1. Taking the stretch 24-46 as the region of interest, how many residues are modelled with pLDDT of 95 or more and within 15 Å of Gly78 (Cα to Cα)?
2. Mind listing just one residue for me: the one in the stretch 53-66 that is surrounded by fewer than 17 Cβ atoms within 10 Å (Cβ to Cβ) and either touching a Phe, Trp or Tyr at 6+ places or on another chain (Cβ under 8 Å) or more than 24 Å from Pro112 (Cβ to Cβ) (or both) and, of those, modelled with the lowest pLDDT?
3. Residue pairs, Cβ under 8 Å, 6 or more apart or interchain, first in the stretch 9-22 and part of a strand (DSSP E or B), second among the acidic types (Asp, Glu). List them.
4. How many of the residues in the stretch 93-114 are modelled with pLDDT of 95 or more and either under 16 Å from His16 (Cβ atoms) or out of contact with any Gly (no Cβ under 9 Å at 6 or more places or on another chain) (or both)?
5. So if I check each of Val6, Val26, Val35, which one is assigned to a loop (DSSP other than H, G, I, E, B), surrounded by 14 or more Cβ atoms within 10 Å (Cβ to Cβ) and touching a strand residue (DSSP E or B) at 6+ places or on another chain (Cβ under 9 Å)?
6. Within the stretch 55-89, track down each residue that is under 17 Å from Ile107 (Cβ atoms), touching a Ser or Thr at 6+ places or on another chain (Cβ under 6 Å) and among the aliphatic types (A, V, I, L, M).
7. Determine the pairs where a residue that is touching a residue at least 40 places away in the same chain (Cβ under 8 Å), located within the stretch 115-131, has a partner that is among the hydroxyl-bearing types (Ser, Thr, Tyr) and surrounded by fewer than 11 Cβ atoms within 10 Å (Cβ to Cβ) with Cβ atoms under 7 Å apart, the partner being 6 or more residues away or on another chain.
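The values are calculated or read from the model by the stated rules, or taken from the named source; none is laboratory data. It should be emphasised that the depicted structure is a prediction, and the values quoted were computed from it without experimental measurement. Cβ placement follows ideal geometry from the backbone for every residue including glycine, while neighbour counts extend to all protein chains displayed.
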Amino acid sequence: MSPKEVKTDRRYTKDHEWAKEAGDEVLIGITAFAVDQLGDITLVNLDVKAGDALVAGKAFGTIESVKTLSDLFAPLSGKVARVNPALENKPELVNADCWEEAWMIAITPTDPKELAGLLDPAAYTEILASAH
């Protein structure tokens, strides 16, 4: 997994979260660049549960690695539909597959148009290019 990898089927934040439409829900996770910066993930702590309201830009949990502890920020406002139960016992899934298996939360967005306001793949690629 290259830290410069950018999937074209989702939107991004400057904080290196991704948001992917999945029916009525939007899956949220972190990018390969974020995983590369963090190193080996040792703990994913999601401070939300199904039914909780999220506000865009607010933290919904933390991710811990051997190097650091980072907040996870909601890219969209909405209601938490599901939390990925696999991450509780296997935080290393984020290192193995941050794009698919290691999604963190699924939300039902308050305003589906908010997704279009996030960075598109080209804009996020530019941010990665200027990160060095």
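1. 4
2. Let us first name the residues in the stretch 53-66 that are surrounded by fewer than 17 Cβ atoms within 10 Å (Cβ to Cβ), namely 53, 55, 57-59, 62, 64, 66.
This time we only want the ones that are either touching a Phe, Trp or Tyr at 6+ places or on another chain (Cβ under 8 Å) or more than 24 Å from Pro112 (Cβ to Cβ) (or both), so: 57-59, 62, 64, 66.
Values: Gly57: 95, Lys58: 96, Ala59: 96, Thr62: 97, Glu64: 96, Val66: 91.
Result: Val66.
3. Every condition considered, the pairs that remain are Arg11/Asp120; Tyr12/Asp120; Lys20/Asp9.
4. Of the residues in that region, 13 qualify.
5. Details: Val26 fails: assigned to a loop (DSSP other than H, G, I, E, B); Val35 fails: assigned to a loop (DSSP other than H, G, I, E, B).
None of the others qualify; the one that does is Val6.
6. Val55, Ala56, Ala81
7. Pro121/Thr8
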